[in-house]
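**Q** One structure, as structure tokens, below. Some questions next.
The values are calculated or read from the model by the stated rules, or taken from the named source; none is laboratory data. Because the structure is a prediction, the values reported are computed rather than measured. So basically every Cβ, Gly included, is an ideal-geometry build from the backbone, and we count neighbours across all protein chains shown.
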Amino acid sequence: MKKVSKLVKFLKDPHAEKISQHKGRYEELDDLSNVAIEIGDAAAYKSLQSEMKEVFFDYLTAIVVDSIYKLVPHVLVIWLISLKWPSITVPMINWKVNILGAYLLMYILIHIVQLLAKPISSKLLPKLKLPGSIRLMKTSKI
């Protein structure tokens, strides 16, 4: 069961470990750089700054690759939908809308609804009580 959860976690966010490693290393180098400033060691500071640049660019590369991995499923879905319906018609207005625009609009609307639903549900759920004074609590983040 642990192997399955590790596989799902990896498939959900394959570069999370690399990103966290680069971020941790960058923060460590930043702390060391601050120490070098405090003690007045210019050579160590210069060396740490050059290593920080390398780590920062590795961090940015990992973030870009991770973003591409997250973008690919959306591109595939849009492509598959556009094979069947290249455009859709809005019924009441009678506008023809490209499937890419409709997909992006729906994606943005879904995320706006999720952002608005979090504060509302956090205010409502703790107040709801089930019989036997068992509280309904949110156990996982989606």
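**Q** Mind checking which residues of the stretch 1-51 are aliphatic (A, V, I, L, M) and more than 24 Å from the chain's Cα centre (by Cα)?
**A** Filtering the stretch 1-51 for residues aliphatic (A, V, I, L, M) gives 1, 4, 7-8, 11, 16, 19, 29, 32, 35-37, 39, 42-44, 48.
The answer is Met1, Leu29, Leu32, Val35, Ala36, Ile37, Ile39, Ala42, Ala43, Ala44, Leu48.
**Q** Scan the stretch 1-46 for residues that are small (Gly, Ala, Ser) and loosely packed, with under 15 Cβ neighbours inside 10 Å and jot them down.
**A** Within the stretch 1-46, Ser5, Ala16, Ser20, Gly24, Gly40, Ala42, Ala43 meet the criteria.
**Q** Go through the stretch 40-97 residue by residue and tally those that are of a type in the set (D, E, K, R) and in contact with a strand residue (DSSP E or B) (Cβ under 7 Å, 6 or more places away or on another chain). Steps first, please.
**A** Going residue by residue through the stretch 40-97, those that are of a type in the set (D, E, K, R) are 41, 46, 51, 53-54, 58, 66, 70, 84, 96.
Within this subset, residues satisfying the condition of being in contact with a strand residue (DSSP E or B) (Cβ under 7 Å, 6 or more places away or on another chain) are 96.
Number of matching residues: 1.
**Q** Within the bounds of the stretch 79-93, is there any residue that is under 25 Å from the mean Cα position of the chain (by Cα), assigned by TED's automatic domain parsing to the domain that holds His22, at pLDDT below 90 and loosely packed, with under 13 Cβ neighbours inside 10 Å?
**A** Scanning the stretch 79-93, I find at least one residue that is under 25 Å from the mean Cα position of the chain (by Cα), assigned by TED's automatic domain parsing to the domain that holds His22, at pLDDT below 90 and loosely packed, with under 13 Cβ neighbours inside 10 Å, so the answer is yes.
**Q** Tally up the residues in the stretch 1-49 that are closer than 21 Å to Val64 by Cβ, at pLDDT 90 or above and basic (Lys, Arg), please.
**A** Total satisfying the criteria: 2.
**Q** Also: Looking at Pro119, is it closer than 30 Å to Lys9 by Cβ, surrounded by 10 or more Cβ atoms within 10 Å (Cβ to Cβ) and either at pLDDT 90 or above or not assigned by TED's automatic domain parsing to the domain that holds His15 (or both)?
**A** It is false that Pro119 is closer than 30 Å to Lys9 by Cβ, surrounded by 10 or more Cβ atoms within 10 Å (Cβ to Cβ) and either at pLDDT 90 or above or not assigned by TED's automatic domain parsing to the domain that holds His15 (or both).
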